[in-house]
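Notes follow the structure.
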Amino acid sequence: MERRKKTDLRVIRTQKAIREAFWQLMEQGGIDNVNVQKIVDLANINRSTFYSYYSDKYDLLDKMEGELLDGLCEIMGEVRVSEADTSTRDEIFHQHVMHILTYLESNAAHLMTLIGKGGDRSFHKRLDDQIERVWDQKGIGRHLTFPEHYLVVALSGMMTGLLTEWLRTGFAMSKEDLALLIERLARPFVDMAVVEGGNGAAGGAAASRPDASEGGR
């Protein structure tokens, strides 16, 4: 058991060294600046050790991007706006958005490297696909008269555009202001999620009326 613990700790340290070396090289010159020899030199390991974990630099990049996106999608998948009344639902969604932005802030260095000059050009599309997948799994718009895919694409595109622009500009807008903007733009989608969540025909009618959530103003 003791020997296994030592082996596990060695694996963790090796993985950490590989990833830190990769990000350092990415930040210095983008993906074109990265190669296996540079990684192993910085991580102080041999090439066979690297290849025991990853097939090449792109395999490493893919896994690290996947972890970042999985973390974001896990947070996005937690929101359950259909289970509360309007006032509580608004608060739930606000906290949901703030959790997303906090997650992006905590991973800002890596995310900004990926979307910046020399980063992974496919990452924006991958982020958009992940957001689309989460909302598609929630069945947003399933009872609309037009194809639900268009609604999902609109929502995911909006979210991806806002989040990547926030990262690209170095958080020029405050987290609170961006959260408010997202909430206002996404509100129609949230109301449609409530329809799918089982509030019935009355709930659907209320969600579709412009004044339903504004007290008739």
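Quick one: if you stick a label point 7 Å off each Cα along the C-beta vector at E27 and T88, how many nm between them?
4.4 nm
Report, in debye and to the nearest 20, how large the dipole of region 2-54 comes out about its Cα centre when Lys and Arg carry +1 and Asp and Glu carry -1 on their Cβ. Mind dumping the intermediate values first?
Working: 10 positive and 6 negative charges, 94 e Å.
About 460 debye.
Once you keep just the Cα pairs under 8 angstrom separated by 6 or more residues, what percentage relative contact order results for region 2-54?
33 percent
Largest first and to the nearest Å, give the Cα extent of region 2-54 along each principal axis.
41, 18, 16
Here, each number is a calculation from the coordinates, and none is a lab measurement. This structure is a prediction, so every number in the text was calculated from the model and none was measured. Neighbour counts are summed over all protein chains in view; Cβ atoms, including those assigned to glycine, are modelled from backbone coordinates with ideal geometry.
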